[in-house]
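Since the structure comes first, as structure tokens, the remarks are kept for the end.
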Amino acid sequence: MSVQMLLAGMLFSSVASARSVDGIPLSPDEVQLRDGLMASYQAHFGHDDHELEHALSEEHRGGTCLTGLVRELKLSWHLFTAEERAEMTSKLAPSKFDLLDPMIPAGTAALGADGPPPPGSCWGEQKDYVIDTEHFSVQWDEGDITLSQAEDFAESLEYSYDIEIDELGWREPTGVSTYKVLIMVERGGGGGAYTTTEYCGGNQLPYVVAYSGSFSSSSGDWYKTMACHELHHAIQFSYGYAHEFWYWEASATWMEDLVYPDLNDWANSVYVYSLVPYMGMNASRTGGGSDEYLFYHTYAMGIWGMFLDEHVGGNELVRDTWDVSRTSNCSYCLWMPDAIERTGQSFDDLYPEFIATNAVMDYEDRLWLRTPELSDEVDGLPAAGESHYSDRPQSLGQNFIK
């Protein structure tokens, strides 16, 4: 179990279940969602950076993508008190008074639209130090990271761009033909990063926030897979907002192996699938629930991308599942069986094959994958029995019986 999971489990019991916010009562479902999101936030920020860095160096090299958490917090911001919102803003968006406030363009970017846009990011120079590459503007303040770390990070971002967009054919992030994608490094935060969007230059544009802990010695080369992971989130926004929350993280986790096949950082997340195979494919904090695995399950479902890639239609099929989302008019609601059907494949045919593949982990990187937890054992057929209620399969979840 990762350090973040342990912290989530320990801190969850200490999070007060607020029954009302600003005098407005919360429903049981809202309380459950609020507490789940708070537990996920506390798992990453509920301790000082020294404690997190020590824990990571002992047990879990790397970090965590917080894109899904930030997106869900924005949608559920009303479920938190003013004090809680201020605390979370100070960590997630320290340059803002409130997480939902717009980012203010700085320098030449704030001058308006009278003439050509500046060559950097749409928001200008938000930090004291800047490295502009062909597609990115990496920015940081004194003491956050070194120039050498910033240069290595920028190189990884451009390398990831070459693989994901130029080689594999994914869409480029919105606005990149006019502006460079803003990448801001914030102090602290352990090993973590997230991608979000805001309105600028006439469009909703993506930008990345990466925490300085991502570049510590305990995080190793995680900044490289973080670069390709967050870039993939920036790419995903160009396909619209239809896919459910879980698939954003699942796809970005799967992409890590295509860009950096020798690093295998994705294994720090995908093994969670094998711990809770009964959890529904699309399970996430959005649906409520207090299980600490809900947060990490979204990354673990990168195994679905591995299956589609290696056993069905390659990178092109995974990309097609995002292409079909562009014709959906809803937000975060595209049911995976529907997405697969729109690509011309049969989900009913693929899903049993997916279960069988996972039973023996028939993947190229099988040595990095963990055998799924067994729900039961039988010593003859026919056999009867049922798993305990807590591990019965949810919708699109699986039980494995030996």
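The values are calculated or read from the model by the stated rules, or taken from the named source; none is laboratory data. Not measured: the values here are computed from a predicted model. Virtual Cβ from ideal backbone geometry, glycine too; neighbours counted across all protein chains shown. Ligands, DNA and RNA are stripped out before the accessible areas are found, and what is left, the full protein with its side chains, is counted by its heavy atoms. Shrake-Rupley method; radii C 1.70, N 1.55, O 1.52, S 1.80 Å.
Given C-alpha coordinates of segment 226-376, what is the ratio Rg to Rh with the Kirkwood estimate of Rh?
For segment 226-376, the value is 0.93.
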For G192, other-chain or 5+-apart residues with amide H closer than 5 Å (H placed, Pro excluded) are T64, Y211, G213, S214
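What number, rounded to the nearest 500 deg cm²/dmol, is the helix-based mean residue ellipticity at 222 nm of the chain, given -39500 (n - 2.57) per DSSP H run of at least four residues and division by all its residues? List each step's numbers first, then the result.
Values: 14 runs with 159 residues, N = 402.
Using -39500 (n - 2.57) per qualifying helix, the result is -12000 deg cm²/dmol.
Taking only C-alpha pairs under 8 Å that are 6+ residues apart, what is the relative contact order of segment 140-215 in percent? Could the numbers behind the result be given before it?
Numbers: 93 pairs, mean separation 24.4, N = 76.
Once divided by the residue count of segment 140-215, the mean separation gives 32 percent.
What do you get for Rg/Rh of segment 290-402 when both radii come from the Cα atoms and Rh is the Kirkwood radius? Display every interim value, and only then the final one.
Numbers: Rg = 16.1 Å, Rh = 16.1 Å.
The Rg/Rh ratio comes out at 1.00.
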Hz values of 3J(HN,Hα) by residue in segment 226-231 - Karplus curve (6.51, -1.76, 1.60), Gly and Pro given as x
4, 4, 6, 5, 5, 4
Please list R326, R71, R370 in order of solvent-accessible area, largest first, computed with a 1.4 Å probe with all protein chains present.
R326, R370, R71
Applying the Karplus parametrisation 6.51 cos²θ - 1.76 cosθ + 1.60 with θ = phi - 60° to the phi angles of segment 23-36, what ³J(HN,Hα) value in whole Hz is obtained for each residue in order, glycine and proline being reported as x?
x, 9, x, 9, 6, x, 5, 5, 4, 5, 5, 4, 5, x
Quick one: 3J(HN,Hα) in Hz for segment 327-337, Karplus 6.51/-1.76/1.60 with θ = phi - 60°, rounded, Gly and Pro as x.
9, 8, 9, 9, 10, 6, 9, 7, 5, 4, x
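Where the accessible area of the chain is counted over protein heavy atoms with a 1.4 Å probe, how much of it, in %, is carbon and sulfur? Kindly include the intermediate steps, with their values, before the conclusion.
Working: 8480 of 17280 Å².
Summing carbon and sulfur atoms, their accessible area is 49 percent of the total for the chain.
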Give the separation of the Cα centroids, segment 168-220 to segment 305-379, in Å.
27 Å
Spin-label model distance (nm) - D101 vs Y129, 7 Å beyond Cα toward Cβ:
2.6 nm
Accessible area of the chain divided out per residue, in Å², using a probe of 1.4 angstrom
43 Å²
Could you give the spread of the C-alpha atoms of segment 207-251 along their three principal axes, from largest to smallest, in whole angstroms?
37, 19, 13
From the C-alpha coordinates alone, can you work out the Kirkwood hydrodynamic radius of the chain, in Å?
21.9 Å
In terms of modelled amide H atoms, which long-range or inter-chain residues lie less than 5 Å from the amide H of K180?
S121, C122
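Stick to Cα atoms and the Kirkwood definition of Rh, then tell me Rg/Rh for segment 209-295. Before the final figure, lay out the partial values.
Values: Rg = 14.0 Å, Rh = 14.3 Å.
Over the Cα atoms of segment 209-295, Rg/Rh equals 0.98.
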Rounded to the nearest 0.05, what FRET efficiency do S90 and I163 give with R0 = 35 Å and r taken as the Cβ-Cβ distance? Could you check?
0.50
